[in-house]
Amino acid sequence: MKLLSNVMEQVVKRNPNEPEFHQAVREVLESLEPVAERHPEWVKAGIFERIVEPERQIVFRVPWLDDKGNVQVNRGYRIQFNSAIGPYKGGLRLHPSVNFSILKFLGFEQILKNSLTSLPIGGAKGGSDFDPKGKSDNEVMKFCQSFMTELCKHIGPDTDVPAGDIGTGGREIGYMYGQYKRLRNEFTGVLTGKGLTWGGSLARTEATGYGLCYFMDEAIQAKGKSFKGATVVISGSGNVAIYATEKVNQLGGKVVALSDSNGYIYDAEGIKLDTVKRLKEVERKRISEYVKFHPSAKYTEGCSGIWNIKCDIALPCATQNEINEISAKTLVANGCFAVGEGANMPSTPEAIDVFLKNNVVFGPAKAANAGGVATSALEMCQNSARYSWTFEEVDAKLKNIMVNIYKNASAAAKEYGFGDNLVAGANIAGFLKVADAMYAQGIAY
Ligand code: NDP
Ligand code: 2IT
């Protein structure tokens, strides 16, 4: 980095102890050096300094009563990172690891991801250190209501539209939406991922996992490969992992492993998705239970060992930094030819280097998993029009969006001298539109 090294230095100085945020920004700024060279007017207008600083960060207390009548206190956040091209948009993560570093990396990535979708949505992320695991429905409801009691002051269908992420699924969105409606007395599209009877979009549940496969299918076809007959390893067993598995099966591949934070299952015959859906979506159980129903499958304690399984394609769909350099080298040594990031930033920078140096087709998160937020934007469209599209209509739009993201990222990489490096291509293609909008809108005093 030459032109932009001072921007990175300032980010580290101003945001100490936020390693994930630094990691996300560093990767983007490295890709943007040739863009800065071509656009001195953007350098002069401080676009690079401005884009790494959130427009607004909201932090609040979330008190709630547990089932024993004890007071519990969590911390709630919303990082409204950038509204240059549309209202703030991005998920809410409920996980004990949530802090500023995690949410700022996610919010920053979301700016460029949302731009890549070609739809008018700005970037944001939020959530809480609340852990829904092991809580009763009643406790989850009380937390969600308390969380929304404060959050509702800062969001709105034309201001900021949150959605799901780790730990926030249909149940949580329902409780939050109910509370927003009670407090504001309005039925609007303020959240996405809603239930189908109250404003949700068909195919939103499937969108991230399906979109990941549409993107990767396009990317591997460009190299003469396909999902057909491929052995696939997918980490996680939540929303993204489940629907990635479903689409891989539809495309003729075979998913042999899934995981959760405790361990992973290996089923050489191919994972039986009905069992996983029941265990995870209905009963909220651990993935280890799978082997009770399919005794020929094997469960291993500890989730990182999943990358030792031989596969053609790996789709990390759990969490950040879940593939390190060693796991990446193992994947390559085992013949893995493509890696598609369903999770946000699941590969460390060292792992990405290994993939790129070994010509692995690498689909970076902000491009490959953009199908979720793209379909959220389609849900917003339907809400504004007070109308709903069929599953086939939404799915066709999703596929079209993912294919275009691949084409745009691929073209940007070539145009700016990065060959077929989709990491740089996605960063550049996402950035150009946001930078143009920020420049046109002037500097806010
Ligand atoms: P879910 O909560 O539905 O599932 C998360 C899965 O990942 C679970 O199996 C969970 O296991 C596992 N996991 C979570 N944290 C860890 C951890 N620290 N170590 C190991 N495993 C972990 O979330 P989603 O499927 O929605 O999200 C998965 C990833 O995809 C995240 O990175 C998210 O940001 C990203 N994403 C999600 C989108 C969406 O539309 N939902 C859109 C784009 C990206 P356990 O149950 O044991 O915690
Ligand atoms: O990381 C993501 O893109 C999401 N969690 C989905 C966000 C959204 O607004 O649908």
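The values are calculated or read from the model by the stated rules, or taken from the named source; none is laboratory data. This one's a predicted model, so the numbers in the text were calculated from it and none came from an experiment. Here the Cβ positions follow ideal geometry from the backbone for every residue, glycine too, while neighbour counts run over all protein chains shown. Note: areas computed on protein heavy atoms with side chains; ligands, DNA, RNA excluded. Shrake-Rupley method; radii C 1.70, N 1.55, O 1.52, S 1.80 Å.
F108 satisfies every condition listed in (1) within 16 Å of ligand 2 (Cβ to nearest atom); (2) in contact with a strand residue (DSSP E or B) (Cβ under 8 Å, 6 or more places away or on another chain); (3) open to solvent by 10 Å² or more (accessible area, probe 1.4 Å) except (3). Suppose the filter is of a type outside the set (D, E, K, R) and within 16 Å of ligand 2 (Cβ to nearest atom); does G238 pass it? Yes, satisfied. Among the residues making up segment 309-339, those that are open to solvent by 60 Å² or more (accessible area, probe 1.4 Å) and more than 16 Å from ligand 1 (Cβ to nearest atom) are K310, E325, I326, K329, A333.
Is it fair to say E281 is near ligand 1 (Cβ under 10 Å from one of its atoms), closer than 28 Å to L92 by Cα and open to solvent by 20 Å² or more (accessible area, probe 1.4 Å)? So E281 fits the description; yes.
Of the listed requirements (1) more than 16 Å from ligand 2 (Cβ to nearest atom); (2) assigned to a helix (DSSP H, G or I); (3) within 25 Å of A124 (Cα to Cα); (4) not aliphatic (A, V, I, L, M), E379 misses just one: (1). Just to be sure I understand, how many residues within segment 284-307 are open to solvent by 40 Å² or more (accessible area, probe 1.4 Å) and aromatic (F, W, Y)? Adding up the residues that qualify gives 2. Of all the criteria given as (1) touching a Phe, Trp or Tyr at 6+ places or on another chain (Cβ under 8 Å); (2) surrounded by fewer than 18 Cβ atoms within 10 Å (Cβ to Cβ), the one not satisfied by D267 is (2). Scanning segment 1-19 for residues that are open to solvent by 40 Å² or more (accessible area, probe 1.4 Å) and at pLDDT 95 or above yields N6, E9, Q10, V12, K13, R14, P16, N17, P19. Listed here are the strands (runs of 3 or more DSSP E) enclosed by segment 260-352 that have at least 1 residues being under 23 Å from A207 (Cβ atoms) and modelled with pLDDT of 95 or more: 313-316, 338-340.
Which of the residues that make up segment 421-445 are under 16 Å from L356 (Cα atoms) and not in a helix (DSSP H, G or I)?
From segment 421-445, those under 16 Å from L356 (Cα atoms) are 421-427; that's our starting set.
Residue satisfying the conditions is N421 alone.
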